[in-house]
1. Of the conditions (1) over 30 Å from Cys128 (Cα atoms); (2) in contact with a Ser or Thr (Cβ under 7 Å, 6 or more places away or on another chain), Ser11 clears all except one; give me its number.
2. Mind checking which pairs have a first residue in region 71-89 that is free of Cβ contacts under 8 Å to residues at least 60 places away in the same chain and a second that is of a type in the set (Asp, Glu) and in a loop (DSSP other than H, G, I, E, B), Cβ under 7 Å, 6 or more apart or different chains?
3. Report, by residue number, each residue of region 59-92 that is small (Gly, Ala, Ser) and out of contact with any Lys or Arg (no Cβ under 6 Å at 6 or more places or on another chain).
4. Which of the residues that make up region 100-116 are closer than 14 Å to His71 by Cβ and touching a His at 6+ places or on another chain (Cβ under 7 Å)?
Amino acid sequence: MVVGTQQDARSLVRDITAPWKGKPGGVIPVLQETQKQIGYLSREAMEAISEELSVPLAELYGVATFYAQFHLKPRGRHVIRVCRGTACHVRGSAKIMDRLMSMLGVQENGTTEDLRFTLEPVACLGCCGLAPVVMIDEDTHGRLTDDPAKLQAFLDDYS
């Protein structure tokens with residue numbers, strides 16, 4: 001769902017926060033559901049949550065920036081995670097990251113303008129035997145190279 005106006009965000013947040021008003025422990029579930037509905041935690045949504053739950057905006061941002069599950073900017077339909085673990089690094093994951101950044105026209109943790117891809121480095125994907133490894137969404141792809149033709153074919157599978 002794309003929330004276009006501040007009023008849209010307020011209306012959505014009002015529905016999400018209703019079961020949590022006056023109850024402790026609602027911040028994380030409200031942030032999770034809001035992000036699920038909007039795709040990320042917009043400034044408007046965060047302000048509305050702050051007002052509805054009577055929680056300081058700074059506290060909400062503290063929670064949202066502490067946990068990696070929360071995102072304050074729109075993300076792509078497909079999230080590409082490039083492993084930076086030791087085995088992947090030794091086998092060229094940095095070159096793969098550089099090539100993907102060039103091909104997609106984004107920096108690390110960036111999202112393409114068409115919101116198709118978000119490119120993220122990760123500490124380890126736990127697939128050292130397949131190094132270097134890249135995950136797109138829940139799909140693991142191992143033994144990759146920085147060959148542009150192969151990477152483009154790989155990206156084309158995700159529309």
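No lab work stands behind these numbers, since they all come straight from the coordinates. Bear in mind the structure is a predicted one, so any value in this text is a computation, not a measurement. Reconstructed Cβ throughout: ideal geometry from the backbone, glycine too, with neighbour counts over all protein chains shown.
1. Only one criterion is unmet by Ser11, namely (2).
2. Val79/Asp137
3. Gly62, Ala64, Ala68, Gly85, Ala87, Gly92
4. none
Here's the yes/no breakdown for (1) within 27 Å of Gly39 (Cβ to Cβ); (2) surrounded by fewer than 15 Cβ atoms within 10 Å (Cβ to Cβ); (3) touching a Cys at 6+ places or on another chain (Cβ under 9 Å):
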| residue | (1), (2), (3) |
| --- | --- |
| Pro74 | yes, yes, no |
| Arg84 | yes, no, yes |
| Ala123 | yes, yes, yes |
| Val133 | yes, no, yes |
| Asp156 | yes, yes, no |
